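The values are calculated or read from the model by the stated rules, or taken from the named source; none is laboratory data. Source: prediction; values computed, not measured. All Cβ positions, glycine included, derive from the backbone under ideal geometry; neighbour counts span all protein chains shown. Just so you know, the surface numbers come from the protein's heavy atoms only, side chains and all, with ligands and any DNA or RNA stripped out. Shrake-Rupley method; radii C 1.70, N 1.55, O 1.52, S 1.80 Å.
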Amino acid sequence: MEEAGLGAATGSRRESISPVKGESPLLGPRGEQRSCGGVRKRRDPSPLGWGPRRGRAYPATAPSRCPGPASATMSHQTPLGSSVPHASCLDLWREKNDQLVRQAKVAQDSRLSLRRQQLAQDALEGFRGLLHSLRGLPAAVPVLPLELTVTCNFITLRASLAQGFTEDQAQDIQQGLERGASQIRSTFVTFGLLQKEKTRDEVPTSALCVFSTVLETQEQLGPRLECGLRGLWDSILGYSSLLLELLPALHLLAGLQAALWLSTDSLGDLTFLLQTLNGNQSEASENLLLLLKTWSPPAEESDAPLTLQDARGLRDVLLTASAYRQGLQELITGSLPRALSSLQEAASGLCPRPVLAQVYTALGTCLRKMGNPQRALLYLVAALKGGSTWGPPLLEASRLYRQLGNTAAELESLELLVEALNVTHSSEAPQLLIEVELLLPRPHPASPLHCGTQSQAKYLLASRCLEVGRAEDAAEHYLDLLALMLDGSEPKFFPPPPPPGPCIPEVFLEAAAALIQAGRAQDALTVCEELLSRTSSLLPKMPQLWEDARKGTKESPHCPSWVSATYLLQGQAWVQLGAQKEAISEFSRCLELLFRATPKDKEQGPASSGKKGCVSDVALQQLRAAALISRGLQWVASGQDTKALQDFLLSVQMCPGHQDASFHLLQTLRRMDRRDEATALWWRLEAQTKLPQENAAWSLPLYLETYLGWICFPDRETLLEEFQTSLPEPCDL
């Protein structure tokens, strides 16, 4: 370290910065304060009798050749001595710091990205070399404010260039604290020893007050240094009131520590630090926003070393970031009134335009959930106008229009969302400062700011078109989605991503359903064949896969329900093409696979369901009923009512709550003139229609819901009325 920090310093120069026998490293034998180049009389009325002469040069008896940043990094040499021929080491280091700060600001103002990056990187290396020089010397209180300032500038620039904090920044903060605490401790020891050599009458009253704390400091400061960062901060802030020169730099370093802890969600440590900064006056409070508002960093003096970002500006950034993070978390957990207050606090703070657009989007979500759609819409419009990332507000707008029942506006918002995610926006160059964006987490899947990928947005659009009956649009969107997924340009949906988005087989099945509904049966067959070609390797393992699917013990790639659904959709496509034989064959293949998975856990009831991408027992029952009804309808079309009756009866037995199966059975019994059985079934259906309908506690896959709509009985009321008129009176069963 000596070699790097002192460079080519000679032995005589080392003596000027090293303690000699009988002397303090800061004070001469008669209370004279040393500088790197010579000795001067003590004039500052500090309680300790020393202190840096801010804004005034340290005169030297001869030009000082002190260890400077040029010796630490040869690639950033600057002829600093040319402007101040008799400047001391402290003045040279300070001038170098100020020059690097100005260079970083020039880099920030540069519109040429390459030049900006080069200037910023050069400034960073300059700060690194300067800090290396300062830390190559024993810590000294007159130099400590400058060293801490350089540390802060280095951390600020490094974090801004890296767009985040790393472990290196944490180590830089800790090293700065350890050097500061160690120097404060040694200063108290030195001062105490010096005062012991004087009579009581020679010691000023202010010095006696300080001396009375020396023994206590010796007992308390040392152990606290072993308590980690919390202990370091508690120690150095607790005793820095005796060293007022250190306060501005210490508060700036504390702001960087707070930013690091906020970015890593170390909220307990952050609360402790803010309470300590506030003098433990608000120790009972753990409200981060209140603690940040209470924190009042000291103002920097006009002659202080330049900083890239002062403590007050950093405090404002922390306040905005904390309010925003807190508001998002409260929004996710459902604490809507508190979320609204926190987000409004963030919007009123130091908020860059991209962040403000995000805050407005979150406010729109909060107000929509609170039942205030008009105000929510105003915030979403403001987010679209003020931000360059339009995905989140467009997605939230689609949710808002869906809640209002405006389907056309909802689909238009989703179409714009797909287009927005396909456009690459040129983001503005980040400031060479600690900004709010650096302190924000990645969007949580449940966050309103998570809009997913282009394929996920395309899926939302396609599925909504299918749900609302826009079959032609849905078919086109699904084909576009499959093209995105199969060409490798989008991440796969296997395993299922956060919603929105199913697994790949379900996308294929929904696409086939949309194509059939749009009258494009041949295209639907092509999609089904593509899906089966990708899953043929699983067919020999089907019995074990069914068991895994029923128990929900495997992930979606091993769930076989969609294989049977593929055969079911192929059968319906053949029905549309008029190929009755092929349709019956596909329905039979579907049923053969489905009957291998007989639910064993009857006690689970209809609400039991597997994981996303797997299948519930209810869905299996509905699949069986759909396949049996579909094959039965084909038997009816071919005039084979007996076979149709068997399939309809079996569908009613397998899925008792499936009323469409019961109505198809009633019509078949009536056509076959099986009057007694038809009458009994009619009475049961008549009673069921008068009971209040309960909402299902389960949901079915979209492709299955769409399919069930195709085989529903067309006019239930008419059939019941016609059958009632044919009944004899009275009717005794």
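The table for this structure:
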{"quantity": "Pair list, Cβ < 9 Å and 6+ apart or interchain, from the stretch 354-366 residues that are farther than 21 Å from GLN403 by Cα and open to solvent by less than 40 Å² (accessible area, probe 1.4 Å) to residues that are among the basic types (Lys, Arg) and in a helix (DSSP H, G or I)", "calculated": "ALA357/LYS385"}
{"quantity": "Within the stretch 617-663, considering residues that are more than 15 Å from SER585 (Cβ to Cβ) and aromatic (Phe, Trp, Tyr), the one modelled with the lowest pLDDT", "calculated": "PHE663"}
{"quantity": "Residue in the stretch 105-118 that is assigned to a helix (DSSP H, G or I), of a type in the set (Gly, Ala, Ser) and closer than 27 Å to ASP265 by Cβ present", "calculated": "no"}
{"quantity": "Any hit, the stretch 304-311, residues being part of a loop (DSSP other than H, G, I, E, B), more than 18 Å from SER263 (Cα to Cα), among the small types (Gly, Ala, Ser) and open to solvent by 20 Å² or more (accessible area, probe 1.4 Å)", "calculated": "no"}
{"quantity": "Residues that are open to solvent by 20 Å² or more (accessible area, probe 1.4 Å) and assigned to a helix (DSSP H, G or I), drawn from the stretch 439-477", "calculated": "GLN454, LYS458, TYR459, LEU460, ARG464, GLU467, GLU472, ASP473, GLU476, HIS477"}
{"quantity": "Single condition ALA299 does not satisfy, out of (1) under 16 Å from ALA249 (Cα atoms); (2) modelled with pLDDT of 90 or more; (3) small (Gly, Ala, Ser)", "calculated": "(2)"}
{"quantity": "Hey, THR553 within 28 Å of GLY452 (Cα to Cα), open to solvent by less than 60 Å² (accessible area, probe 1.4 Å), β-branched (Val, Ile, Thr) and at pLDDT below 95 or not", "calculated": "no"}
{"quantity": "Exclusive hit being among the polar types (S, T, N, Q) and within 17 Å of GLU582 (Cα to Cα), set GLN653, GLN646, GLN659, GLN634", "calculated": "GLN634"}
{"quantity": "Breaking point among (1) in a helix (DSSP H, G or I); (2) surrounded by 17 or more Cβ atoms within 10 Å (Cβ to Cβ); (3) not basic (Lys, Arg), for LEU378", "calculated": "(2)"}
{"quantity": "Within the stretch 401-423, considering residues that are in a loop (DSSP other than H, G, I, E, B) and more than 18 Å from ASN372 (Cα to Cα), the one least open to solvent (accessible area, probe 1.4 Å)", "calculated": "VAL423"}
{"quantity": "Yes/no for LEU509 being at pLDDT 90 or above, within 39 Å of the chain's Cα centre (by Cα), under 14 Å from SER561 (Cα atoms) and not aromatic (Phe, Trp, Tyr)", "calculated": "yes"}
{"quantity": "The stretch 80-92 - residue that is surrounded by 17 or more Cβ atoms within 10 Å (Cβ to Cβ), part of a helix (DSSP H, G or I) and out of contact with any helix residue (DSSP H, G or I) (no Cβ under 6 Å at 6 or more places or on another chain) and, of those, modelled with the highest pLDDT", "calculated": "ASP91"}
{"quantity": "Pair list, Cβ under 8 Å, 6 or more apart: the stretch 631-650 residue of a type in the set (Val, Ile, Thr) and buried (at least 16 other Cβ atoms within 10 Å of the Cβ), other residue modelled with pLDDT under 95 and not in a loop (DSSP other than H, G, I, E, B)", "calculated": "VAL636/ALA644; VAL636/THR668"}
{"quantity": "Which numbered condition ASN695 misses (of (1) at pLDDT below 90; (2) assigned to a helix (DSSP H, G or I); (3) not basic (Lys, Arg))", "calculated": "(2)"}
{"quantity": "Matching residues in the stretch 128-177 - criterion: being open to solvent by 10 Å² or more (accessible area, probe 1.4 Å), outside any helix (DSSP H, G or I) and either within 22 Å of GLU301 (Cα to Cα) or of a type in the set (Ser, Thr, Tyr) (or both)", "calculated": "ALA140, PRO142, VAL143, THR166"}
{"quantity": "Which numbered condition ARG158 misses (of (1) of a type in the set (Lys, Arg); (2) at pLDDT below 50; (3) under 27 Å from LYS105 (Cα atoms))", "calculated": "(2)"}
{"quantity": "Members of the stretch 312-328 found to be farther than 23 Å from GLU245 by Cβ and either aromatic (Phe, Trp, Tyr) or open to solvent by less than 20 Å² (accessible area, probe 1.4 Å) (or both), listed by number", "calculated": "VAL317, LEU318, THR320, ALA321, SER322, ALA323, TYR324, GLY327"}
{"quantity": "Qualifying residue in the stretch 214-229 (condition: modelled with pLDDT of 70 or more, in a helix (DSSP H, G or I) and closer than 25 Å to LEU308 by Cα)", "calculated": "yes"}
{"quantity": "Hey, SER398 in contact (Cβ under 8 Å) with a residue 40 or more places away in the chain, open to solvent by less than 80 Å² (accessible area, probe 1.4 Å), over 17 Å from LEU331 (Cα atoms) and polar (S, T, N, Q) or not", "calculated": "yes"}
{"quantity": "Number of the exception - LEU433 against (1) over 22 Å from THR365 (Cβ atoms); (2) not in a loop (DSSP other than H, G, I, E, B)", "calculated": "(2)"}
{"quantity": "Residues satisfying the stated conditions in the stretch 517-528, i.e. touching a residue at least 12 places away in the same chain (Cβ under 8 Å) and open to solvent by 10 Å² or more (accessible area, probe 1.4 Å)", "calculated": "GLN517, ALA518, GLY519, ARG520, GLN522, ASP523, VAL527"}
{"quantity": "Residue list for the stretch 102-127, restricted to those being open to solvent by less than 30 Å² (accessible area, probe 1.4 Å) and charged (D, E, K, R)", "calculated": "ARG116"}
{"quantity": "Unmet criterion (only one of (1) open to solvent by 50 Å² or more (accessible area, probe 1.4 Å); (2) modelled with pLDDT under 90) for GLN344", "calculated": "(2)"}
